[in-house]
Amino acid sequence: MMRITKEEAASMLLSMDNILIFAHENPDGDAVGSACALCHGLISLGKKAAVWLDGIPANDVHLTKGIMFDNSFTPEHIVSTDTADKRILGAGCGFDKSVSVELVIDHHFTNTMYAENTYLDEESAAAGEVVYDLLLEMGVTITKEMAECMYIAISTDTGCFRFGNTKARTLRTAAALLDCGIDAGEINRIQFETKTKEYVALEKMAMNSLKTYFDGKCAVIMLTLDMFRESGALESETQALSSLPRQIEGVYVGVTMKEKEEGFFRISVRTNAPADASEIASHLSGGGHPMAAGCAFVGNKDDALRAVLEHTENQLKKAGLL
């Protein structure tokens, strides 16, 4: 397991062919956008490459047009993007999580170095930003199609450039992508301002479930299977819900608990400084960034909530907030 430089990662990719690209399970815009941009870049260099992504958000499905793996070649190299831990690798096409990943391209400082080679840039706001630098290093001419993929990746992980991970470098990269001819206004409208009626119904139920703890410093919303059934909303529509609890005045830790199946929960943690989301998630075998992290829990709703609150309380105390 080796950490490598951008130049070494570029050299590796240039030496490969028949490349299959994965990202993490339940891929968000950064996972989809970074994987698809990398794929398009490799194809532009004359290589056979494809992505495999499952559970793609509806607004991002179009990015995979023509590049989803269709068995037209036999994969010889496995690459992943935006995936910090092999336990959340969204493998498919006859592969599972035990597959040997030759190269991972990531920006999570919590990356477990599970791949044979890891190109990690923790200073980047998104994996899409890492891929942008890598494509340039490889001599790829950035097309409008690639630019849209990477803009969606970066804007997703920065909350449309509102989060603290947005740096001057991030904005310069976004500006370069706009220079490729993408319509950022329309992309932003679709990504951040368009909601289905089903999602609105689910959001209302989610907000009705909201409870606060520790003198209002923690807020939790719960999405149950019954809510999904009643609203008709798709899980791929729910990414925006993760940020809602943190937006409440006085809240330092916002938690969204999503029941995926009976006895299994996906948990998103969003924090305001000085609370650290990654520390909370790490105690539940998860990880992420200081302001945004995630984990999973096997058990009933009460036990899941109890576990999250225990580690949230410890984090609030550690941060001097309790």
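Determine the shape class of the stretch 2-191: with a ≥ b ≥ c the square roots of the Cα gyration tensor eigenvalues, call it rounded for a/c under 1.5, and otherwise prolate if a/b is greater than b/c, oblate otherwise. Working shown, then result.
Details: a/c = 1.38, a/b = 1.30, b/c = 1.07.
Rounded, since a/c falls under 1.5.
Please say if the stretch 43-109 is rounded, prolate or oblate, where rounded means a/c under 1.5 for a ≥ b ≥ c the square roots of the C-alpha gyration tensor eigenvalues, and otherwise the choice is prolate for a/b larger than b/c and oblate otherwise?
Working: a/c = 1.43, a/b = 1.16, b/c = 1.24.
Judged from the Cα gyration tensor, the stretch 43-109 comes out rounded (a/c under 1.5).
In nm, give the distance between the simple-model label positions of SER243 and THR194, each being 7 Å from the Cα along the Cα-to-Cβ direction.
Result for the modelled spin labels: 1.7 nm.
Expressed in nm², what is the orientationally averaged projection area of the convex hull enclosing the Cα positions of the stretch 96-149? Before the final figure, lay out the partial values.
Numbers: hull surface 18.5 nm².
In nm², the orientation-averaged hull projection of the stretch 96-149 is 4.6.
Starting from the Cα of GLU230, step 7 Å along the direction of its Cβ; do the same at PHE95; then give the gap between the two resulting points in nm.
Distance between the two pseudo-spin positions: 4.1 nm.
Report the Stokes-Einstein translational diffusion coefficient (µm² s⁻¹, integer) for the stretch 1-57, Rh taken as the Kirkwood radius over Cα pairs, at 20 °C with viscosity 1.002 mPa s. Don't skip to the answer; put the middle values down first.
Working: Rh = 12.2 Å.
Rounded to a whole number, D works out at 176 µm²/s.
Of all DSSP beta bridges located in the chain, what percent are antiparallel, nearest 5?
Numbers: 21 of 44 bridges.
Bridges in the chain that DSSP calls antiparallel: roughly 50 percent.
Once you place label points 7 Å from the Cα toward the Cβ at PHE163 and ASP17, how far apart are they in nm?
Between PHE163 and ASP17, the label points sit 3.8 nm apart.
Check cross-link reach from LYS318 to the lysines: straight Cα distance under 17 Å, and skip same-chain residues fewer than eight apart.
Reachable lysines: LYS217.
Taking Rh as the Kirkwood radius, which is the inverse of the mean 1/r over Cα pairs, what is the Rg/Rh value for the stretch 245-322?
On the way: Rg = 11.7 Å, Rh = 12.2 Å.
So for the stretch 245-322, dividing Rg by the Kirkwood Rh gives 0.96.
Which whole-number percentage describes the relative contact order of the chain, with Cα contacts under 8 Å and a sequence gap of 6 or more?
Values: 646 pairs, mean separation 43.1, N = 322.
Dividing the mean separation by the residue count of the chain yields 13 percent.
Could you please report the charge total around GLY250, scoring K, R as +1 and D, E as -1 over all other residues with beta-carbon less than 9 angstrom from its beta-carbon?
Values: positive: LYS217; negative: ASP215, GLU249.
Result for the neighbourhood of GLY250: -1.
Divide by every residue of the chain the summed helix terms, -39500 (n - 2.57) for each DSSP H run of at least 4, and state the resulting mean residue ellipticity at 222 nm, rounded to the nearest 500 deg cm²/dmol. List each step's numbers first, then the result.
Values: 10 runs with 110 residues, N = 322.
Taking each H run of at least 4 residues, the total per residue is -10500 deg cm²/dmol.
To the nearest 20 debye, what charge dipole does the chain have about its Cα centre, counting +1 at the Cβ of each Lys and Arg and -1 at the Cβ of each Asp and Glu?
Working: 29 positive and 46 negative charges, 128 e Å.
In debye, rounded to 20, the chain gives about 620.
What's the extension gain from THR74 to ASN208 if we count 0.36 nm per residue and subtract their Cα-Cα distance? Don't skip to the answer; put the middle values down first.
Details: separation 134, 0.36 × 134 = 48.24 nm, distance 4.92 nm.
Additional length available on full extension: 43.3 nm.
Can you work out ³J(HN,Hα) from phi for every residue in the stretch 149-157, in order, using Karplus 6.51 cos²θ - 1.76 cosθ + 1.60 and θ = phi - 60°, giving whole Hz and x for Gly and Pro?
Working through the residues one at a time gives 4, 6, 5, 4, 4, 6, 5, 4, 6 Hz.
Quick one: of LYS167/LYS211; LYS47/LYS97; LYS86/LYS317; LYS97/LYS197; LYS47/LYS258, which pairs are farther than 28 Å apart, Cα to Cα? Provide the component values of the computation, followed by the final result.
On the way: LYS167/LYS211 33 Å; LYS47/LYS97 25 Å; LYS86/LYS317 31 Å; LYS97/LYS197 35 Å; LYS47/LYS258 39 Å.
Table pairs above 28 Å Cα-Cα are LYS167/LYS211; LYS86/LYS317; LYS97/LYS197; LYS47/LYS258.
So what is log10(I(q)/I(0)) for the stretch 105-256 at q = 0.10 1/Å, when the Debye sum runs over its Cα atoms only?
Debye output, listed in q order: -0.47.
Which aspartates and glutamates have a Cα lying under 18 Å from the Cα of LYS48, excluding residues fewer than 8 positions away in the same chain?
ASP17, ASP70, GLU76, GLU102, GLU145
Treating the angle as unsigned and between 0 and 90°, give the value, to the nearest 10°, between the Cα long axis of helix 197-208 and the longest Cα principal axis of the chain.
Between helix and principal axis, roughly 40 degrees.
Each reported figure results from applying straightforward, stated rules to the coordinates on display, with no laboratory input. As the structure is a computational prediction, the values presented were derived from the model and not from experiment. Note that we place each Cβ from the backbone using ideal geometry, even for glycine, and neighbour counts take in every protein chain shown.
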